[in-house]
Amino acid sequence: MKRQIRIVRTVVLVSGLLSSVFGGQGMAAGGAAALRPRDYSTDLASPVAAVRVQAAVDLGRGGDKAATTLLTPALKDREPAVRREAAKALGAIKDARAVPALIEVLRDDDANVRMYAAYALGEIKDVRAADELLGAVRDAQWCVRDQAAWALRELRDPSLAEKYAALLQDERVEVATATWILRGLGDGVALKAVTALLRAPQPAARLRAVRALREWKAASLEPLFAALDDPEASVRQSAVEALAKTPAPQVKQALTARLAGEPNAAVQAAIERLLQESYPPAEPAAWWSFDDQNSQTARDVTGRGSDGEIRRCTPVPGQVGAALKFGQGACVSLGKVPKLPMAHQPMTVMAWVKADADRGVVVARGGAFCGYSLYLLDGVAKFGIHRVQDGPTHIAVGREPVGRDWVHLAGVIRSDRIELYVNGKLAAQTKTEGLMPGNAGQGMEIGGDLGNSPVETTNSLNGIIDEVKVFLSALSEEEIAEQWTKH
């Protein structure tokens, strides 16, 4: 009789192994797949460990919740392989009745058993397991920590946010792991919980919170700006490094302001390095400084070759070095400037001006079909463009008279608008239909307009012009202010 039992169990084991190989397909009637859950109680009590293992495997594949009562006791089997397969099977069945037993197994001596217990709890998604899973995230074995982190993320219960955020205060838990778990609750909930840690009394907790905030990029800018004022230098430096992940004008402004009052040399160096790497100064595509006092050729000091012919202009002292004095019929003719493409191109044009009259062109390019002009009219600064022949003229009009002193003017062409800046500040803007669709057929001039105007006037300027620059990008207000303050 004993021999017959062994034979039967061997058949069951072989059947189960065939199921593993062939995915349970094509098994003969009466094999393991055909057995109901209660038929496995004998196998789970078998003295042969391999039989008990296969029984747990088959019950997991069956997916019947009735098997929970058979598998739960198997979590205490003397063989780790049986406990492991029982935990795995309970994860496949997803019966919440197994949660208390699986929680207990998270303290099993075998790392693989603990790992599959965490997996099962993640599949069941019962918040009763949260505290034990939080402990498992600190397990000595990576596989257990990783599976517990996944299980915690699967719970997706916003009420756990504070407990999850507390992981950031534990040096045993990697910042990336804690952040990943938190983000499973939704970015809004997680960001709020991490931001609250910036008020923690321990500098180490605040430091880890700042490191976590790097994952949110633009959404975390305000908390990171606040961290720039943290009393701990290491926290401030980490905030600087985190802000490097999200270059933006407001980031540059905040870092520049912090640099002025930063007492720590290492933090100062970090800010300076970030400003240099992420916010390099804008480089002009063409620049006519007139500092060589040449009365015939206006040299493009960038070396890119956009030189011009000086007509009836006189070198005079300028805002910076030398400048050119303009009057009736005077201009600098630059031709079609092939190194300054205009089609589909954001642009910025700027110059220092000291006018003796209320009207006149500072810089113009193109004409009535397509072009732009930075100019004075009726004593105020204006910047305008004409995109297409039959289209409208768009003009941004300054509000204050420019007077007779030196004034810095800049016109910017963006994808949806044009802007006028006076002495580094936005003075006016006007919506447009887009960038310039083509390169102008007519040339470019400084101090006058030799063709028909893209806007309102072709009059030469009576006065002095200095430091004319063209950028093939739409400079920000901060960048334009920097150009103004340089001189």
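Since every read-out is calculated from the coordinates, none of them should be taken as a lab result. Computed from a prediction, not measured in an experiment: that's the story for all the values here. Here Cβ is always computed from backbone atoms with ideal geometry, including for glycine, and neighbour counts include all displayed protein chains.
Remarks
- Rounded tilt (10° steps) of 187-196 against the dominant C-alpha axis of the chain: 80
- Placing +1 on the Cβ of every Lys and Arg and -1 on the Cβ of every Asp and Glu, with nothing else charged, gives the range 196-311 a dipole about its Cα centre of roughly 640 debye.
- Inter-part distance, the range 342-360 to the range 399-451, computed on C-alpha centroids, equals 5 Å.
- Angle in degrees between helix 111-124 and the longest Cα principal axis of the chain, rounded to the nearest 10: 70
- The packing ranking, built from the mean of other Cβ atoms within 10 Å per residue, places the peptides 256-269, 97-110, 79-92 in the order 79-92, 97-110, 256-269, highest first.
- Neighbourhood net charge (12 Å Cβ-Cβ; Lys/Arg +1, Asp/Glu -1) for residue 297: -2
- For the range 259-301 versus the range 197-251, the gap between their alpha-carbon centres in whole angstrom: 27
- Neighbourhood net charge (10 Å Cβ-Cβ; Lys/Arg +1, Asp/Glu -1) for residue 84: -2
- Potential lengthening of the chain between residue 76 and residue 399 amounts to 108.0 nm, from the contour at 0.36 nm per residue minus the alpha-carbon distance.
- Per residue convex hull volume, Cα atoms of the chain, in Å³: 213
- Alpha-carbon centroid distance for the pair the range 76-133 / the range 452-486, whole angstrom: 71
- For residue 76, the lysines whose Cα falls under 25 Å of its own Cα, not counting residues fewer than eight places away in the same chain, are 65, 88, 94, 125.
- Given charges at beta-carbon only (K, R positive; D, E negative), |dipole| of the range 286-485 in Debye: 300
- For a straight C-alpha distance cut-off of 17 angstrom, the aspartates and glutamates reachable from residue 336 (same-chain residues fewer than eight places away being disregarded) are 300, 307, 309, 445, 449.
- Over the chain: helical MRE at 222 nm, DSSP H runs n ≥ 4 each giving -39500 (n - 2.57), nearest 500: -11500 deg cm²/dmol
- By the equivalent-ellipsoid construction on the alpha carbon gyration tensor, the range 286-485 comes out with semi-axes of 22, 18, 16 Å, ordered largest to smallest.
- Pairs over the 24 Å Cα-Cα cut-off, from the set 325/469; 354/469; 192/425; 217/425: 192/425; 217/425.
- Taking Cβ atoms as reference points and 10 Å as the exclusive limit, the residues near residue 281 contribute a net charge of -2, counting Lys and Arg as +1 and Asp and Glu as -1.
- Among 338-349, 470-481, 362-373, 143-154, sorting by the average number of other beta carbon atoms lying within 10 angstrom of each residue, highest first, gives 362-373, 143-154, 470-481, 338-349.
- Multiplying the residue separation of residue 358 and residue 345 by 0.36 nm and subtracting their alpha-carbon distance yields 1.6 nm.
- Furthest towards positive pole of dipole, 195, 321, 221, structure part the chain, Cβ charges: 195
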